[in-house]
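Colleague: One structure is given below, represented as structure tokens, and several questions about it will come after.
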Amino acid sequence: MASVERGMSAPPEVVFNTATDPDRASAWLPEPLRADGTLAEHVSEEELSARWRAAGDWTAELRVDPADAGGARTRLDLTGGDDADRLADEALASLAREVADNLQAG
């Protein structure tokens, strides 16, 4: 299992809503979990956590927590393959871009 954390300069709710938006999920989820209109298997808006599962052993669990200065601390746990560390890091970088695009859009 790979665990990656990243700070983001956006409120936790914005990060979480961007991550769980089916129209944006396919832009940041790792390839094994990606599909158009990807819906999370489990979403907890209260805890700002979500889980995705794909065929085979691939799972992704995301948790978003408040950070200093109104930002967010995002943690992604990814399981399923030998390159999970690289994919998890790339996924959070992609999510950060999606969050930035979401903030600029409105």
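Colleague: Restricting to the range 67-84, what's the tally of residues that are touching a Leu at 6+ places or on another chain (Cβ under 8 Å) and in a helix (DSSP H, G or I)?
Modeller: Count: 1.
Colleague: Within the range 40-58, is even one residue within 22 Å of GLY81 (Cα to Cα), of a type in the set (Phe, Trp, Tyr) and touching a Pro at 6+ places or on another chain (Cβ under 6 Å)?
Modeller: Yes - at least one qualifying residue is present in the range 40-58.
Colleague: Please count how many residues of the range 5-50 are open to solvent by 70 Å² or more (accessible area, probe 1.4 Å) and of a type in the set (Lys, Arg).
Modeller: Within the range 5-50, the first condition is being open to solvent by 70 Å² or more (accessible area, probe 1.4 Å), and the residues that meet it are 5-6, 9, 13, 17, 23, 31, 34, 36, 39, 41-42, 45-47.
Pick out the ones that are also of a type in the set (Lys, Arg) and you get 6, 34.
Residues meeting the conditions: 2.
Colleague: Consider the range 49-66. How many of its residues are outside any loop (DSSP other than H, G, I, E, B) and in contact with a helix residue (DSSP H, G or I) (Cβ under 7 Å, 6 or more places away or on another chain)? Steps first, answer last, please.
Modeller: Within the range 49-66, the first condition is being outside any loop (DSSP other than H, G, I, E, B), and the residues that meet it are 49-53, 59-66.
Those left that are additionally in contact with a helix residue (DSSP H, G or I) (Cβ under 7 Å, 6 or more places away or on another chain): 50, 52, 60, 62, 64-66.
Residues meeting the conditions: 7.
Colleague: Right, next: Which of the residues spanning the range 1-25 are in a helix (DSSP H, G or I), at pLDDT 95 or above and not β-branched (Val, Ile, Thr)?
Modeller: Those that are in a helix (DSSP H, G or I), at pLDDT 95 or above and not β-branched (Val, Ile, Thr): PRO12, GLU13, PHE16, ASN17, ALA19.
Colleague: Take the residues in the range 58-81 that are within 13 Å of PRO30 (Cα to Cα) and without any contact (Cβ under 8 Å) to a residue 40 or more places away in the chain; name whichever of them is surrounded by the most Cβ atoms within 10 Å (Cβ to Cβ).
Modeller: ALA60
Colleague: When you look at LEU103, is it crowded, with 18+ Cβ neighbours inside 10 Å and among the hydrophobic types (A, V, I, L, M, F, W, C), yes or no?
Modeller: Values: crowded, with 18+ Cβ neighbours inside 10 Å: no; among the hydrophobic types (A, V, I, L, M, F, W, C): yes.
Judged against the criteria, LEU103 is not a match.
The values are calculated or read from the model by the stated rules, or taken from the named source; none is laboratory data. Bear in mind the structure is a predicted one, so any value in this text is a computation, not a measurement. Positions of Cβ are backbone-derived with ideal geometry, glycine not excepted, and every protein chain shown enters the neighbour counts. All accessible areas refer to the heavy atoms of the entire protein, side chains included, with ligands and DNA or RNA removed. Shrake-Rupley method; radii C 1.70, N 1.55, O 1.52, S 1.80 Å.
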